[in-house]
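To start, the structure itself, in structure tokens.
FYI, it's all coordinate maths here, none of it is from the lab. Remember, it's a predicted structure, so these values are computed and weren't measured experimentally. Heads up, the Cβs are rebuilt from the backbone with ideal geometry, glycines too, and the neighbour counts pull from every protein chain shown.
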Amino acid sequence: MASQDWFEKDFYKTLGVSPDADDAEIKKAYRKLARENHPDQHPGDEAAEQRFKEIGEAYQVLSDAEDRQQYDAIRQMAAGGPRFTAGGGGGAGAGGFEDVFGSMFGGGSGQRVRYSTGGPGGMGGQQVGAEDLEDILRMFDGGGGAGFAGGSQFTGQGPFGGGPRHAAPQKGQDAEASITVDLHQAFEGSRATVRDAHGAETTIRVPAGVKDGQRIRLRGKGHPSPNGGQPGDLMITVHVRPHPVFTREGDDLVVELPVRFTEAVLGAAVEVPTPTGETVRVKVAPGTPSGRRLRIRGRGMPGKKGAGDLLAEVQVAVPTDLTDAQRKAVEALRAAEPGDDPRADLIERSRRS
């Protein structure tokens with residue numbers, strides 16, 4: 001849903017991407033900036049926290065195809081000193097105001113309203129100021145679009161086929177809040193307390209599987225309407241603290257699993273921790289290299305399509321403090337190894353054009 005302050009914000013600049021950036025570029029930029037500005041990386045830094053909120057808001061709009069289309073249309077209206085003209089007067093071209101609103105509202109009936117960045121016409125070539133743009137943007141928030149489609153917004157004898165303009169009830173502004181939970185709370189789901197726009201405490205349910213940066217909407221808990229409409233919503237951004245053991249990849253969880261050199265060479269059955277505090281036993285096959293991932297299905301984060309998986313990434317622990325007997329055993333192993341160089345193929349491939 002469009003917000004009245006969108007025309008004052010440059011979400012593309014916030015994420016450091018161009019207006020024609022694709023979804024992959026936007027997601028990559030968001031992830032990088034979110035990591036750099038996460039509140040846990042800057043404890044007590046209010047500027048960093050505000051920056052993190054701005055990054056989250058920009059990504060929420062630009063990652064949604066419908067919101068991005070509306071935002072781009074608003075930027076187009078706000079750029080270059082836009083002007084209104086009514087009826088068939090001069091100044092408005094085919095690619096004007098009606099095209100912008102046609103793409104948002106599917107066209108309208110009654111007298112045509114045109115938009116132009118050209119010369120004077122219609123209403124005397126008046127510049128559209130912030131108040132005018134706010135009236136336009138109220139159609140996103142308060143349902144005022146019916147006025148352009150033959151609704152009851154305009155009545156009597158006025159320039160739009162009616163007289164005195166009666167504004168439709170306007171929805172109040174949304175309010176922002178944030179909460180921080182740990183991975184176990186995100187895994188199991190939990191409850192948290194936030195303050196709404198009136199300063200009152202509200203308890204919310206954090207759903208199991210919530211992602212870092214995910215937003216929760218509480219309808220009617222935002223700022224009141226200025227003219228008797230519905231109050232705005234409370235938008236809550238959820239932050240998930242980094243965990244010392246588990247790293248999240250989508251709905252999967254990754255854990256680094258140290259194994260002994262002998263276990264990797266000869267094979268073994270080892271214990272792997274899970275987010276519930278339990279352990280599961282997995283088999284390490286003989287000859288398992290460092291970096292290989294062992295998949296334990298259904299032990300990851302809860303998701304819409306079921307739980308993700310737990311990925312145990314093998315890290316071979318190389319012994320450093322050897323006894324004389326151990327050193328002799330390793331030297332005997334080296335002496336028994338074949339004489340070929342395991343890096344020969346790597347070097348040969350590096351020389352190929």
*R0 = 45 Å: FRET efficiency of His198 with Glu278, Cβ-based, nearest 0.05?*
0.55
*Let me know the shape class of region 286-353, please: from the alpha-carbon gyration tensor, a ≥ b ≥ c as square roots of the eigenvalues, rounded when a/c is under 1.5, otherwise prolate if a/b is greater than b/c, or oblate.*
oblate
_Report D for region 199-307 in µm² per second (integer): Stokes-Einstein, Kirkwood Rh on Cα pairs, 4 °C, 1.567 mPa s._
74
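Take the alpha carbon atoms of region 175-240, find their radius of gyration, then divide it by 2.2 N^0.38 Å using N residues; give the quotient. Display every interim value, and only then the final one.
Numbers: Rg = 12.8 Å, N = 66, 2.2 N^0.38 = 10.8 Å.
Compactness ratio reported: 1.18.
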*Once fully extended, how much extra length lies between Asp22 and Thr247, figured as 0.36 nm per residue of separation less the alpha-carbon to alpha-carbon distance?*
78.3 nm
*Report the full-extension gain for the segment Lys304 to Asp10: residue separation times 0.36 nm, less the Cα-Cα distance, to one decimal in nm.*
102.6 nm
*Can you give me the Cα centroid spacing of region 24-75 and region 286-311 in angstrom?*
29
_Above-threshold pairs, the threshold being 32 Å between Cα atoms, out of Lys13/Lys211; Lys53/Lys171; Lys27/Lys283_ = Lys27/Lys283
*For region 246-322, what is the Kirkwood hydrodynamic radius in Å, using each pair of distinct C-alpha atoms?*
12.9
*asked:* Quick check on region 246-322: of the DSSP beta bridges with both residues there, what percent are antiparallel, nearest 5%?
replied: 65
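Within a Cβ distance under 13 Å of Asp45, other residues only, what is the Lys/Arg minus Asp/Glu net charge?
Computed value for this residue: -2.
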